[in-house]
Amino acid sequence: MDTTRQGELMTMKIGIVGLGLIGGSLGLDLRSLGHQVLGVSRQERTCKIAVARGATDEAATDLALLADTDLIFICTPIAHMRSTVSQLIPHISLETILTDVGSVKASIVQEIAPLWRNFVGGHPMAGTTESGIEAAQHGLFAGNPYVLTPTETTPSDAIALLESILRPLQVRLHRCQPEAHDRAVAWISHLPVMVSASLIAACLSEADPDVIKLAQALASSGFRDTSRVGGGNPELGLMMARYNRAEVLRSLLVYREQLDRIIHEIDHENWTTLEETFQQNQAARPKFMK
Ligand code: NAP
């Protein structure tokens, strides 16, 4: 592994496949830490923008560019991850560490771990409603959790090296089982996307155009906050539902029960019960958010 020390920091040759919001943002931060970053994306245009924006030192549409890299982040949409790794394998050495950034972990780890010994599943808990290389930004990950989901067979030196690269991005590192990750993120990431998407659709189903116009004029921070994640990248929402299907369904069914309960209390004018529910939520939220 050809690494060089720059000040206190070990700098490496890092590859990124999929130069979009996440891949591009990783590139910007890793380059500013002194790493050499080589990028591969599907479109020539994206590669040019990535280099022009300083997200990569070099970029190409051919995976052969990543032949000499020490560590590669797979940042494509989830549906392309397995095929990307299969196509990458003939080009790289056995020591190369592969990691992904997919929002779902169990299915990805099950598919990729058998293909590559030095694979560590990962998920940065950060994003915006934008997508593509134009949306990439410096400091996207700072202050946010970054989850690694190694298995019993993941080499500990691969995990340690990846953590040493991620720590300077000021992320809050966590480790857990891929299945535990999927269950937890169903609650705090995937369910909110489904709920927020339903909120937007329900609001837009108002039949009176004058009411819609008025609602639009009056919409402020509350609607902006609650509709934000439902108005994001459609591909991402679909991938959450498709690749974390069981956990997303499970959380949605529990959510529907809660909605039914609230509907019941309002319908029966059970104001005391409703107030108790809101009071419990008000007290519980700050503790949950810490
Ligand atoms: P994105 O902005 O749409 O970027 C994905 C990029 O992947 C596209 O720009 C596309 O590049 C490239 N790509 C697509 N297929 C490819 C292929 N077969 N080979 C090489 N490149 C390919 O999406 P994103 O939000 O960065 O999401 C990427 C991954 O991050 C997903 O797996 C997602 O689950 C995960 N993630 C997303 C968020 C979030 O909030 N957005 C948060 C955490 C994790 P071209 O422009 O060249 O077509």
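Worth pointing out:
- As a ratio to 2.2 N^0.38 Å, the alpha-carbon radius of gyration computed for region 165-220 takes the value 1.86.
- In plain terms, the chain from R224 to T129 could stretch by 33.0 nm, reckoned as 0.36 nm per residue minus the Cα-Cα distance.
- Cα gyration tensor, region 46-126 - rounded (a/c under 1.5), prolate or oblate: oblate
- Magnitude of the charge dipole for region 1-141, about its Cα centre and with charges confined to Cβ atoms of Lys, Arg (+1) and Asp, Glu (-1), is about 200 debye.
- Summarised as an ellipsoid, the chain has semi-axes of 39, 21, 18 Å, derived from the eigenvalues of the Cα gyration tensor scaled by 5 and square-rooted, with the largest first.
- Taking every alpha-carbon pair under 8 Å whose residues sit at least 6 apart, region 32-109 reaches a relative contact order of 26 percent.
- Size descriptors for region 212-255, from the alpha-carbon set: Rg then Dmax equal 14.2, 39 Å.
- Take the Cβ atoms of T277 and Q110, set R0 to 35 Å, and the FRET efficiency comes out at 0.35.
- Value of Rg to Rh for region 133-253 (Rh from inverse mean 1/r over Cα pairs, i.e. Kirkwood): 1.09
- Alpha carbon Rg of region 34-174, scaled by the compact-globule rule 2.2 N^0.38 Å: 1.00
- Whole-angstrom gap from region 180-219 to region 98-137, using each part's C-alpha centre: 26 Å
- Sorted from greatest to least, the principal axis extents spanned by the alpha carbons of region 92-188 come out as 34, 29, 23 Å.
- Once the Cα-Cα distance is subtracted from the 0.36 nm per residue extended length, the C203 to A215 segment shows a gain of 3.4 nm.
- In nm, spacing of pseudo-spin labels at L238 and H264 (7 Å Cα→C-beta vector): 3.7 nm
Here, each number is a calculation from the coordinates, and none is a lab measurement. If you're wondering where the values come from, they're calculated on a predicted model, not measured in any experiment. FYI the Cβ positions are ideal-geometry reconstructions off the backbone, even for glycines, and counts take in every protein chain you see.
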